[in-house]
Amino acid sequence: MQLNNLKDPNQMVDYATAVKTGLGNNQGLFFPPKVPQLPNVNELLAMSTTARNFHILQPLVKANISDDALRSIIANVFTFQSPLKKINEQVACLELFHGPTLAFKDFGARFMANCLQHFSKQQQSSEKITILTATSGDTGAAVAHAFHGLDNIEVVILFPQGKISELQQKMFTTLSGNIRTVAVAGDFDDCQKLVKQSFDDVDLVRAVGLNSANSINVSRLFAQICYYFDAVAQLPVAQRDQCVVAVPSGNFGNLCAGIMAQTMGLPIKRFIASTNLNDTVPRYLKDGIWSPNDTVETLSNAMDVSKPNNWPRIEYMIESGQFARQDLSGLAVDEMQTENTLKTLYQMGYISEPHAAVAYQGLQDSLAEDELGIFLGTAHPAKFKSSVEAILNIELPLPDAIAECAEKTDLSTNMSADYVSLRNYILG
Ligand SMILES: *Cc1c(COP(=O)(O)O)cnc(C)c1O
């Protein structure tokens with residue numbers, strides 16, 4: 001299958017090129033012109049997750065990845081479960097946080113890493129790949145763990161010194177080998193600026209095979225399609241056609257993957273795009289006017305995005321007639337509601353965290369009696385330990401994965417926010 005550049009109709013690339021280059025000409029996103037439809041979805045839903053994931057991903061990547069190679073990639077990537085936890089008779093949470101860094105970003109990052117590794121092996125020339133990414137927290141951990149130990153791939157992660165929690169930092173600064181981490185004396189914007197300068201440096205890009213691992217890489221979306229099927233597969237057959245999915249959204253990659261799953265044939269009745277106060281999309285869905293405000297900080301900080309970079313893909317799905325606009329509604333949830341919703345869930349016997357709470361509020365708001373609601377649990381509550389503990393007035397134990405990192409040595413290098421220093425560091 002070829003992928004189009006959504007900003008440049010003349011650029012069509014194969015999957016391998018899209019994964020290796022990330023963005024196309026004019027910063028355009030790569031996307032399939034027509035998302036393939038799967039025959040016999042009911043049969044798929046009856047299969048094991050591993051077998052089903054193969055049938056979902058195969059039509060998307062077969063131009064570049066043989067069936068055997070895809071099977072081995074799937075075995076490396078999908079090593080943890082996505083259980084559907086029942087909250088009450090009508091609502092369940094799809095828990096996507098049982099991977100190594102306890103957030104759903106593990107799915108996309110691991111699939112991307114394994115695909116890149118596969119392409120670099122195919123190229124005989126053992127061409128070098130260097131992943132450079134800036135993080136304010138979660139993405140760094142997912143990327144570091146996903147790429148850790150892979151051959152021929154170096155990873156450099158920049159983060160703002162002293163601006164993220166020690167525990168969050170240790171989730172990516174304690175890995176050795178091919179993962180190098182840099183504490184930049186500055187804020188997150190300084191880190192992003194350094195990354196941008198590096199990608200503008202053509203000589204550097206060529207010398208080290210620079211690649212970003214950010215959320216616009218199409219491979220990440222493909223991996224995320226799989227767990228929507230997993231969610232529906234866990235429902236009783238009789239309830240499968242009444243299913244409404246609420247997605248806590250920031251850059252809208254997660255929702256885009258869900259929409260692709262529906263287009264491929266998964267029976268999802270409708271979607272709710274839940275955001276925090278960064279409500280560009282819910283406002284747009286109401287009045288048709290795209291007018292991002294300044295980004296504001298919220299409890300669900302992984303969704304503090306006012307210009308969601310995956311939105312053009314969803315827009316394309318609607319405009320090309322592959323997804324029905326009326327199957328999508330939006331809801332913006334304020335901070336007080338987020339806290340209250342977290343408390344409501346706790347009273348129902350479920351400890352959640354701010355991102356999932358925002359999604360759950362979307363269901364509470366609009367679920368009809370004959371519908372069945374699924375909200376996506378995108379992170380483990382312990383990742384947002386301090387806010388969850390403060391709001392619910394409880395103590396949360398640290399999961400083993402985090403507790404173990406806390407004991408390890410921080411291996412990061414300090415650096416001023418200076419491009420020449422970074423360049424030398426990457427080359428050295
Ligand atoms: C990244 C993230 C989101 C937002 O996902 P998008 O695909 O960017 O919409 C939601 N919750 C958590 C915990 C995240 O880390």
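The values are calculated or read from the model by the stated rules, or taken from the named source; none is laboratory data. Being a predicted model, the structure only gives us computed values, none of them experimental. Ideal geometry is used to build each Cβ from the backbone, glycine not excepted, and the neighbour counts take in all protein chains shown. Note: areas computed on protein heavy atoms with side chains; ligands, DNA, RNA excluded. Shrake-Rupley method; radii C 1.70, N 1.55, O 1.52, S 1.80 Å.
Worth a mention:
- Rolling a 1.4 Å probe over the protein chains gives Arg240 an accessible area of about 40 Å².
- Rolling a 1.4 Å probe over the protein heavy atoms leaves Arg283 with an accessible area of roughly 60 Å².
- Selection from His148, Asn114, Gln326, by position along the positive dipole direction of the chain (Cβ): Asn114
- Normalised by 2.2 N^0.38 Å, where N counts its residues, the alpha-carbon radius of gyration of the range 286-369 equals 1.27.
- Förster-model FRET efficiency, 60 Å R0, Ala238 and Ser386, C-beta, rounded to 0.05: 0.90
- Length-normalised contact order of the range 15-109 in % [C-alpha pairs under 8 Å, at least 6 apart]: 16
- Residue pairs, from the table Lys105/Lys196; Lys196/Lys307; Lys62/Lys383; Lys20/Lys85, whose Cα atoms sit over 27 Å apart: Lys62/Lys383; Lys20/Lys85
- Restricting the calculation to Cα atoms, every distinct pair contributes to the Kirkwood radius of the chain, found to be 22.0 Å.
- For the chain, the relative contact order comes to 19 percent (Cα pairs under 8 Å, sequence separation of at least 6).
- Centroid-to-centroid separation of the range 122-151 and the range 364-393 [C-alpha atoms, Å]: 31
- Within the shell defined by Cβ-Cβ distances under 10 Å, the residues around Glu353 carry a net charge of +2, with Lys and Arg each +1 and Asp and Glu each -1.
- Our estimate of slack between Asn25 and Ala324, defined as 0.36 nm per intervening residue step minus the Cα-Cα distance, is 104.8 nm.
- Listed residues Gln58, Gln117, Gln27, most fluctuating in the chain (Gaussian network, C-alpha, under 10 Å): Gln27
- Stretched out straight at 0.36 nm per residue, the stretch from Asn152 to Glu89 would grow longer than its current Cα-Cα span by 17.7 nm.
- Exposure rank, largest accessible area first [Glu404, Glu166; 1.4 Å]: Glu166, Glu404
- Descending principal axes extents, the range 3-60, alpha-carbon based, whole Å: 43, 20, 13
- Each principal axis of the range 194-258 carries a Cα extent, and these read 58, 19, 11 Å when sorted largest first.
- Of Lys121/Lys163; Lys170/Lys343; Lys128/Lys170, those spanning more than 32 Å from alpha-carbon to alpha-carbon: Lys121/Lys163
- Length added when fully stretched, Ser366-Arg206, from 0.36 nm per residue minus Cα-Cα: 52.5 nm
- Cα gyration tensor shape of the range 214-350, rounded if a/c is under 1.5, else prolate or oblate by comparing a/b with b/c: oblate
- Amide N proximity, the range 174-203 versus Lys408 label position 7 Å along Cα-to-Cβ, cut-off under 15 Å: 174-182
- Rounded accessible area of Tyr227 (nearest 10 Å², 1.4 Å probe): 0
- Sulfur and carbon atoms: percent of accessible area, the chain [1.4 Å]: 47
- Residues of type aspartates and glutamates that Lys86 reaches as a straight line, Cα spacing below 17 Å, ignoring anything fewer than 8 places off in the same chain: Glu95, Asp230, Glu353, Glu369, Asp370, Glu371
- For the range 333-428, the relative contact order is 21 percent, taking Cα pairs closer than 8 Å that sit 6 or more residues apart in sequence and dividing their mean separation by the residue count.
- Zone of Ile394's modelled label, taken as backbone nitrogen in the range 346-383 under 15 Å from a point 7 Å along Cα→Cβ: 346-357, 380-383
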